[in-house]
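FYI, it's all coordinate maths here, none of it is from the lab. It should be emphasised that the depicted structure is a prediction, and the values quoted were computed from it without experimental measurement. Neighbour counts run over all protein chains shown; Cβ positions are idealised from the backbone, glycine included.
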Amino acid sequence: MPKINENFLKLEKNYLFINIAKKVNSFLKKNPDAPLIRMGIGDVTLPIAPVCVEAMKKGAEEMGVKETFKGYEDSGTGYDFLKKAIAGYYKKFGVSLELDEIRVNDGAKSDCGNIVDIFDDNNIVLITDPAYPVYVDSNKMSGRTIIYADSNEANGFAAMPDSSVHADLIYLCSPNNPTGSAYTRAQLKEWIDYAKANEAIIIYDAAYEAFITDPEVPHSIYEVNGAKECAIEMCSLSKTAGFTGMRCGYTVVPSALHVTTSNGEDVSIAQLWGRRQGSKFNGVSYPVQCAAAAVFTEEGLKQIHENIAYYQENAAIIAKTMDDLGIQYTGGKNSPYIWLKCPKGMSSWDFFDYLLEKIAVVGTPGEGFGKNGKGWFRLTAFGDREKTIEAMERVKKLLSE
Ligand code: PLP
């Protein structure tokens, strides 16, 4: 009989959103006609931009013609046309990337989870709490020691480093899922200095960078001095360009990022990650990469920003409701998430049930993202405008009673 990886038994039994789906399904069984509004899962709702559709169609047609057909991509790391488009996008933030520092993938979740493969299980992993669940789960699966940096009311849900604590790997997500908070350049510099002092590596998740409006908040960690020697950046087109059903993202591993092995050998992290991916990943489909490259064209950026502006307006509507109700929250400005304090001292699951049962609105209980999420709640701005307005009217009426 094979032995299983018993670390899996230490995980929460169900992924957060499965628990939510179960509760919603049982509510709908009892109330089949309830006018449910979903503001829970952070999925986008607007279709992908027309330039992306056209580019994908063209790519698909090329696949049907002998002269332009493509099989496996040679490198499996992404076509140069897409990497050049990504490098051009980073130039807008003053960040210069070599093409071989960029690796195209099927979305950020895969790389966020898989990156652990190249690091020893004895590393001490620091994760800000609350957090996107993949960081915690993937490290628990390999039995690593996780320490948490608290993001809480006192620090505006933007955890900062504690110099008295050592870590080898640090997960940061800015703008943050679930809290919507975003690190300024100065705050990221503190994390970079901490990483360098500890010879640690930062795994920086920039999945929501396209929602940044504040000039003090960098779109990439590489906008901050010193990051190339200590940070891997992961990004995704899922929220930037509505690619949740397309599957495309990218990871940047700078060539300056090196570590020393136990016997003093110098190792490039980019090479190590390349070796891992070479064995376990065969690249992203050609038509999807064509669509991804179209995102970064002038017209593509214009079109995706029309969708982002729509979501930002939804976020403003939710934030205004919270302001009117005097409910404390973070996010909504550089982020599609509003992270609010549950009213009347309710726990986050009690508040979830309360909204579902009383007004058929679904959100996400904060404690599903970690202990500091207790008593907090996430609403997303990725929904339909009319439904967002309707949901906020219901919330306002309910909480003003
Ligand atoms: N990182 C964060 C913080 C996310 O919230 C998400 C998706 O919700 C991802 C990564 C994963 O995105 P992808 O669809 O590219 O796998």
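See the values below:
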read-out	value
Two-decimal log10 I(q)/I(0) for segment 44-95, as the Debye equation yields it once each C-alpha is a single scatterer, q = 0.27, 0.31 Å⁻¹	-1.07, -1.09
Ranked list, fewest to most other Cβ atoms within 10 Å of each Cβ, for Lys70, Lys333	Lys70, Lys333
Gyration tensor (alpha-carbon) shape descriptor, segment 154-304, a/c threshold 1.5	oblate
Set of aspartates and glutamates with alpha-carbon distance to Lys344 below 18 Å, sequence-local pairs under 8 removed	Glu153, Asp323, Asp324, Asp353, Glu357, Glu367, Glu401
Dipole axis of the chain (+1 Lys, Arg; -1 Asp, Glu on Cβ), positive-most option in Thr45, Gly64, Gln303	Thr45
Three-way shape label, segment 344-401, alpha-carbon gyration tensor, a/c 1.5	oblate
Vicinal HN-Hα couplings computed from phi for segment 28-45 (Karplus, 6.51 cos²θ - 1.76 cosθ + 1.60; Hz; Gly/Pro x)	5, 5, 6, 10, x, 9, 4, x, 5, 10, 9, 10, x, 5, x, 8, 6, 10
Hydrodynamic radius of segment 285-330 per Kirkwood, over alpha carbon pairs, in Å	12.8 Å
Partners for Lys341 among lysines (Cα-Cα distance below 25 Å; same-chain residues under 8 apart left out)	Lys22, Lys23, Lys239, Lys320, Lys333, Lys358, Lys371, Lys374, Lys387, Lys396, Lys397
Interchain or long-range residues, amide H under 5 Å from Ile124's placed H	Asp168, Leu169
Shape category assigned to segment 87-231 from the gyration tensor of Cα positions, a/c cut at 1.5	rounded
Ordering of 147-154, 9-16, 349-356 by packing [mean C-beta count within 10 Å, highest first]	349-356, 147-154, 9-16
By average C-beta atoms within 10 angstrom, highest first, the peptides 163-176, 96-109, 264-277, 315-328	163-176, 96-109, 315-328, 264-277
Cα gyration tensor of the chain - equivalent ellipsoid semi-axes, whole Å, descending	34, 27, 21
Partners for Lys58 among lysines (Cα-Cα distance below 17 Å; same-chain residues under 8 apart left out)	Lys66, Lys70
Given charges at Cβ of Lys, Arg, Asp, Glu: segment 105-208 dipole, positive-most of Leu188, Ile146, Tyr135	Leu188
Inter-label distance for Lys91 and Glu6, nm, one decimal - labels placed 7 Å from Cα along Cα-to-Cβ	5.6 nm
Per-pair calculated FRET efficiency, R0 = 56 Å: Ala256 and Lys66 via Cβ, rounded to 0.05	0.85
Estimated 222 nm signal from helices in the chain, with DSSP H stretches of n ≥ 4 weighted -39500 (n - 2.57), rounded to 500	-12000 deg cm²/dmol
Efficiency of FRET from Cβ geometry, Asp353 and Phe17, R₀ 22 Å, rounded to 0.05	0.85
Separation of the Ser26 and Glu386 label points, Cα + 7 Å toward Cβ, nm	3.2 nm
